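First comes the structure, then the notes that go with it.
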Amino acid sequence: MLALICGQGALPGLIVRNLSDAPVIAALEQFPPEGLAVDLTFRLETLGTFLKALKKRGVLQVCFAGAIRRPKIDPEQIDAATQPLVAQISGALSGGDDAALRAVVDIFEQAGFEVVGFTHLVPELLPRGGVLSIRQPMGKERRDVARAHSVIAGLSALDMGQGCVVASGHVLAVEVFGGTRWMLSSLSSDRPTDWPEGGLLYKAPKEGQERRVDLPAIGPETMEQVAQAGLAGVAIVQGGVVALDLPKIIAEADRLGLFLWVCEAEP
């Protein structure tokens, strides 16, 4: 049996709708999923008890999907079953995003669960390669993608960044805490007049990233944010970025006159 450990956003519901057998729906108490009935809730302070509850339900596989933020730990709520995991949990919360996710995966695997990537369950979340929009990227935009790729590769060692904005070879923004929406809104609200025109949003997984648990994603709203930021389009790495409702994403790109390019990892 599969347990889907849900965060927020559209991804958990999309996965459930595409599964033939209903999974056990679980969620952190602080981050309930949208539109799904939750079978089990837990806190990090009761993670050990939650792992035992999954086993009692016959769960053998777990899949993580959706967004969460790092919750604060209340030491007084840590139960006896979770005490042996405190050091691992503390290490996860103090590390970078990918290091934290790896620590979580380790805890579940050590408890005997197989951790399954959500793209294994719904592979169509990863779009085919090529330019999927009517508008085509021009030569300077293809060069910007190569520049953006080198930026993300350079940031990978720091365990930060799954996206950046590049225009005419200039790095205008890098995605850090706050995510893509915040990064793009900062461009649209406070972009100096002497900055280069156009540009693109580039998204790719970090090198060596734990892809079973976390992949960058775009949705239809991303295209609207890109247009508001004054950019010319979006480039994402094939096989490494999730597209939530690809037909709507393409339709939004065409409506807004943007390009959408699913490119190779090294353009």
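Restrict the check to segment 219-227 and report whether at least one residue is crowded, with 21+ Cβ neighbours inside 10 Å, touching a residue at least 60 places away in the same chain (Cβ under 8 Å), touching a Ser or Thr at 6+ places or on another chain (Cβ under 8 Å) and not aromatic (Phe, Trp, Tyr).
No - not one qualifying residue is present in segment 219-227.
I'd like to know if segment 186-204 contains one or more residues that are closer than 30 Å to residue 113 by Cα, in contact with a helix residue (DSSP H, G or I) (Cβ under 9 Å, 6 or more places away or on another chain), surrounded by fewer than 19 Cβ atoms within 10 Å (Cβ to Cβ) and modelled with pLDDT under 95.
no
Specify the residue that is surrounded by the fewest Cβ atoms within 10 Å (Cβ to Cβ); the eligible residues are those in segment 117-139 that are in contact with a helix residue (DSSP H, G or I) (Cβ under 8 Å, 6 or more places away or on another chain), within 20 Å of residue 227 (Cβ to Cβ) and not β-branched (Val, Ile, Thr).
So the residue we want is 135.
Would you mind stating whether residue 142 is open to solvent by 40 Å² or more (accessible area, probe 1.4 Å) and either within 23 Å of the chain's Cα centre (by Cα) or of a type in the set (Gly, Ala, Ser) (or both)?
no
In segment 44-57, which residues are among the charged types (D, E, K, R) and either farther than 15 Å from residue 82 by Cβ or open to solvent by 40 Å² or more (accessible area, probe 1.4 Å) (or both)?
Scanning segment 44-57 gives 52, 55, 56, 57.
Restricted to segment 14-35, and to residues that are free of Cβ contacts under 8 Å to residues at least 60 places away in the same chain and surrounded by 18 or more Cβ atoms within 10 Å (Cβ to Cβ), which residue is farthest from residue 120 (Cα to Cα)?
28
Would you pick out the residues in segment 2-23 that are within 15 Å of residue 66 (Cα to Cα), outside any helix (DSSP H, G or I) and hydrophobic (A, V, I, L, M, F, W, C)?
3, 4, 5, 6, 10
To keep it simple, each residue is scored yes or no on (1) more than 20 Å from the chain's Cα centre (by Cα); (2) within 14 Å of residue 133 (Cα to Cα); (3) part of a loop (DSSP other than H, G, I, E, B).
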site: 173; (1), (2), (3): no, no, no
site: 176; (1), (2), (3): no, no, yes
site: 188; (1), (2), (3): yes, no, no
site: 210; (1), (2), (3): no, no, yes
site: 214; (1), (2), (3): no, no, yes
site: 234; (1), (2), (3): no, yes, no
site: 239; (1), (2), (3): no, no, yes
site: 253; (1), (2), (3): yes, yes, no
site: 265; (1), (2), (3): no, no, yes
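Any residue in segment 183-207 that's at negative phi: show its pairings with residues that are hydroxyl-bearing (Ser, Thr, Tyr) and modelled with pLDDT under 80 at Cβ separation under 8 Å, as long as the two are six or more apart or on different chains.
Note: pairs meeting the criteria are 206/156; 207/156.
The values are calculated or read from the model by the stated rules, or taken from the named source; none is laboratory data. On a predicted model such as this, the values are computed, not experimentally measured, just so you know. Using ideal geometry, Cβ is built from the backbone for each residue, glycine included, and neighbour counts are taken over all protein chains shown. Accessible surface is based on the protein model in full, side chains and every heavy atom, while ligands, DNA and RNA are left aside. Shrake-Rupley method; radii C 1.70, N 1.55, O 1.52, S 1.80 Å.
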